[in-house]
1. For the stretch 35-59, which residues satisfy the criterion of being assigned to a helix (DSSP H, G or I) and free of Cβ contacts under 8 Å to residues at least 12 places away in the same chain?
2. Quick check on residue 100: is it in contact (Cβ under 8 Å) with a residue 12 or more places away in the chain and either aliphatic (A, V, I, L, M) or closer than 20 Å to residue 75 by Cα (or both)?
3. Return yes when residue 123 is hydrophobic (A, V, I, L, M, F, W, C), within 19 Å of residue 61 (Cα to Cα) and not in a strand (DSSP E or B) and no when it is not.
4. Could you tell me which numbered condition residue 53 fails, if it satisfies all but one of (1) modelled with pLDDT of 90 or more; (2) crowded, with 16+ Cβ neighbours inside 10 Å?
5. Given (1) assigned to a helix (DSSP H, G or I); (2) surrounded by 22 or more Cβ atoms within 10 Å (Cβ to Cβ); (3) modelled with pLDDT of 95 or more; (4) of a type outside the set (Asp, Glu), where does residue 92 come up short, assuming only one miss?
6. Given the criteria touching an Asp or Glu at 6+ places or on another chain (Cβ under 9 Å) and not aromatic (Phe, Trp, Tyr), does residue 120 qualify?
7. Would it be correct to say that residue 107 is touching a helix residue (DSSP H, G or I) at 6+ places or on another chain (Cβ under 7 Å), within 24 Å of residue 44 (Cβ to Cβ), modelled with pLDDT of 85 or more and surrounded by fewer than 21 Cβ atoms within 10 Å (Cβ to Cβ)?
8. Checking residue 131 against (1) touching a Phe, Trp or Tyr at 6+ places or on another chain (Cβ under 8 Å); (2) hydroxyl-bearing (Ser, Thr, Tyr); (3) over 15 Å from residue 95 (Cβ atoms); (4) at pLDDT 95 or above: exactly one of these is not met. Which one?
Amino acid sequence: MPKDIRIITTGGTFDKLYDEISGELTFRQSQLPRILRQTRCTLRIELEGPLAIDSLYMNEEQRQSVAQRCIASPEHRIIVIHGTDTMTKTAQVVAKRLAPENRSTIVFTGAMVPYSLENSDSVFNLGCAFSAVQLLPPGVYICMSGKIFTWDNVRKNKELGIFEELRPVSGVSG
């Protein structure tokens, strides 16, 4: 029986941990089970973690794998935890692979600061993604810093460290 929401985690800054020996941010295990307990989430979640990779190193085969997992999901509400540097690329791959009769709402989110560090935006972004995936119509979206964007109208502004619309959408605040 399908759960309420499927979360596919690919790694990215969201799940990085500080390694005291090397002084680097690395992957050990997903932070999502801990976050879901901490936030007292009552939705039935299917957690799927096929990757633990910095999105800068993600290749086309891995992006296609994320798309295939979204397509094959029995849940129609899907959150993808992804590194912010190439989140828009993977969202594009997923959107282009979906059939015209797609019934799934797929929301990508991530973090600029890892959950394991102070002042992380990860829990806020995840909470926004939970709301978005339940309220938006079928399609592919990116949810960062309290804003929701369609997959084809967003970019990461690396100078400001924010996501922004490529072009204003009339009558819609993004």
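The values are calculated or read from the model by the stated rules, or taken from the named source; none is laboratory data. These numbers were taken from a predicted model, which means no experiment stands behind them. All Cβ positions, glycine included, derive from the backbone under ideal geometry; neighbour counts span all protein chains shown.
1. 36, 37, 57
2. no
3. no
4. (1)
5. Result: residue 92 fails condition (2) only.
6. Criteria not met by residue 120.
7. No.
8. Answer for residue 131: the failing condition is (1).
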